[in-house]
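One structure is given here, and the rest of the page talks about it.
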Amino acid sequence: MKGALLVNLGSPNSTSTKDVKNYLGEFLMDERVIDVPYLLRTFLVKGIILNTRPKKSAAAYKKIWWKEGSPLIVLSERLHKKVQENSDIPVELAMRYGKPSIKSGIEKLAKQGVSEIFLIPLYPQFAMATTETIVVLANEIIKKEFPSIKLTDFPAFYNNTSYVEALSHSIKNELDKIKPDHLLFSYHGVPERHIKKSDITKSHCKIDGSCCNTPSPAHEFCYRHQCYETTKLVAKHLNLEEGTYSTSFQSRLGRDPWLQPYTDKTIDTFAQNGTKNLAVVTPAFVSDCLETLEEIGMEAKESFIENGGEKFNTIPCLNDDENWVKTVAKWINDWAQTK
């Protein structure tokens, strides 16, 4: 029997500093998130970050928390429910960090008699700290505790036609209402070293402005290329004119160089240069979360207005959009029908 497992990022159990600290500890101690030797990572995370950041992050979560709980969890649950209603096989939901865990998701499927699992990391673009860490952990759990279960993972879907169409449709619905001067595609940032570490050719990725546009096997695992390609495909689908849209990267951490241009500086520059009506979409996420609701929807909006902008619009993630639901369900049903 076949089953599917949808896996998203995760969230603290509550907005308490304790719960946020526990969540950040699990997240930041992941060797694919902070990819430095264990002892150094332990010093940075447990010795510095977890003594300073949880209180600030808890305050940020409180700004966006819903009565039902964490927006990311609630929205993921809504997606899961609708996908299950449209799927021919059992579907479960899990989070890479926090609850429900990947192990619990696998256990639920196993109890239903599932012997083959279709793993779908809910990230359009591949990155060490997202898709890769989910696939690695799921395989480790299967090997250790469910050796009879076969696992198949779904690759990054940034260029999947159905995904691009669903994303484009959701963006167009918003653009028709707000008619912005400019549309900014803001993707979650990663350290530049992650791009080079993921380069299977060990020579192509130079982050020099041309490598992402030069065909290469490296693009299969290149987050930067896949982000720019997402923007390119959506812009083409929406017939956006050159100069009316651009790409940037948000949420950097530490002093090492991260992917540029930075979203916060880009937004401020637009305001300072006379852009009055700006729209921001965040296609690295399929569910709205702290990074979209607070970092962009509140902090970036405030900064845009302070620097001379007038209208700032955040375009929602796909969440439980009907086209997105049908897309995910079709991926699952198509896989279920394969031998």
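The values are calculated or read from the model by the stated rules, or taken from the named source; none is laboratory data. In this text, all values refer to a predicted model and were calculated from it rather than measured experimentally. Because the Cβ atoms are built from the backbone with ideal geometry, glycine has one as well, and the counts that use them run over all protein chains shown.
May I ask you to verify whether L93 is in a strand (DSSP E or B), among the aliphatic types (A, V, I, L, M) and either touching a residue at least 24 places away in the same chain (Cβ under 8 Å) or out of contact with any helix residue (DSSP H, G or I) (no Cβ under 8 Å at 6 or more places or on another chain) (or both)?
yes
Take the conditions under 26 Å from R255 (Cβ atoms), part of a helix (DSSP H, G or I) and in contact (Cβ under 8 Å) with a residue 60 or more places away in the chain and apply them to I171. Does it pass?
Numbers: under 26 Å from R255 (Cβ atoms): no; part of a helix (DSSP H, G or I): yes; in contact (Cβ under 8 Å) with a residue 60 or more places away in the chain: yes.
Here the answer is no, as I171 does not meet what is asked.
Checking T133 against (1) within 22 Å of the chain's Cα centre (by Cα); (2) surrounded by fewer than 17 Cβ atoms within 10 Å (Cβ to Cβ); (3) assigned by TED's automatic domain parsing to the domain that holds R32; (4) assigned to a helix (DSSP H, G or I), which single condition isn't satisfied?
Single failed check for T133: (2).
If you take the residues in segment 145-174 that are touching a strand residue (DSSP E or B) at 6+ places or on another chain (Cβ under 7 Å) and not aromatic (F, W, Y), which one is surrounded by the most Cβ atoms within 10 Å (Cβ to Cβ)?
The selected residue is I171.
If you take the residues in segment 196-222 that are of a type in the set (S, T, N, Q) and surrounded by fewer than 19 Cβ atoms within 10 Å (Cβ to Cβ), which one is modelled with the lowest pLDDT?
Within segment 196-222, the match that is modelled with the lowest pLDDT is S210.
Return the total of residues in segment 1-15 being of a type in the set (D, E, K, R) and surrounded by fewer than 18 Cβ atoms within 10 Å (Cβ to Cβ). Working first, answer last.
Keep residues of segment 1-15 that are of a type in the set (D, E, K, R), which gives 2.
The next check asks that each one be surrounded by fewer than 18 Cβ atoms within 10 Å (Cβ to Cβ); those that pass are none.
Number satisfying all stated conditions: 0.
Pick from segment 16-33 the residues that are β-branched (V, I, T) and crowded, with 19+ Cβ neighbours inside 10 Å: which of them is farthest from K150 (Cα to Cα)?
The selected residue is V20.
Kindly provide the set of residues from segment 220-267 that are closer than 23 Å to M298 by Cβ and either outside the structural domain of L167 (by TED's automatic domain parsing) or among the basic types (K, R) (or both), ordered by number.
Result: R252, K265.
In this structure, does R252 turn out to be in a loop (DSSP other than H, G, I, E, B), within 30 Å of N313 (Cβ to Cβ) and basic (K, R)?
So R252 fits the description; yes.
Is there a residue being within 16 Å of I207 (Cβ to Cβ) and modelled with pLDDT under 95 anywhere in segment 230-253? Lay out the reasoning, then the answer.
So the first thing to find is which residues in segment 230-253 are within 16 Å of I207 (Cβ to Cβ), and the list is 247-249, 252.
When the remaining residues are screened for being modelled with pLDDT under 95, the result is 252.
Scanning segment 230-253, I find at least one residue that is within 16 Å of I207 (Cβ to Cβ) and modelled with pLDDT under 95, so the answer is yes.
Could you please give the count of residues in segment 25-40 that are farther than 18 Å from T52 by Cα and of a type outside the set (D, E)?
6
Being assigned to a loop (DSSP other than H, G, I, E, B) and at pLDDT 95 or above is the requirement here; does G297 meet it?
No: the conditions fail for G297.
Can you tell me which condition D176 does not meet? The list is (1) free of Cβ contacts under 8 Å to residues at least 40 places away in the same chain; (2) outside any helix (DSSP H, G or I); (3) within 26 Å of E295 (Cβ to Cβ), and all the others hold.
Failing condition for D176: (2).
Going by the conditions given, is N159 modelled with pLDDT under 95 and either within 24 Å of L318 (Cβ to Cβ) or not in a strand (DSSP E or B) (or both)?
For N159, the condition - modelled with pLDDT under 95 and either within 24 Å of L318 (Cβ to Cβ) or not in a strand (DSSP E or B) (or both) - is not met.
Okay, residues lined up against (1) free of Cβ contacts under 8 Å to residues at least 40 places away in the same chain; (2) at negative phi; (3) buried (at least 18 other Cβ atoms within 10 Å of the Cβ); (4) β-branched (V, I, T):
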site: R224; (1), (2), (3), (4): yes, yes, yes, no
site: T230; (1), (2), (3), (4): no, yes, yes, yes
site: E241; (1), (2), (3), (4): yes, yes, no, no
site: S246; (1), (2), (3), (4): no, yes, no, no
site: P257; (1), (2), (3), (4): no, yes, no, no
site: K276; (1), (2), (3), (4): no, yes, no, no
site: V281; (1), (2), (3), (4): no, yes, yes, yes
site: S287; (1), (2), (3), (4): no, yes, yes, no
site: I296; (1), (2), (3), (4): no, yes, yes, yes
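For segment 97-111, does any single residue satisfy the condition of being surrounded by fewer than 21 Cβ atoms within 10 Å (Cβ to Cβ), part of a strand (DSSP E or B), among the polar types (S, T, N, Q) and over 16 Å from the mean Cα position of the chain (by Cα)?
Yes, there is a match, as at least one residue in segment 97-111 is surrounded by fewer than 21 Cβ atoms within 10 Å (Cβ to Cβ), part of a strand (DSSP E or B), among the polar types (S, T, N, Q) and over 16 Å from the mean Cα position of the chain (by Cα).
D181: assigned by TED's automatic domain parsing to the domain that holds F126 and of a type in the set (D, E, K, R), yes or no?
no
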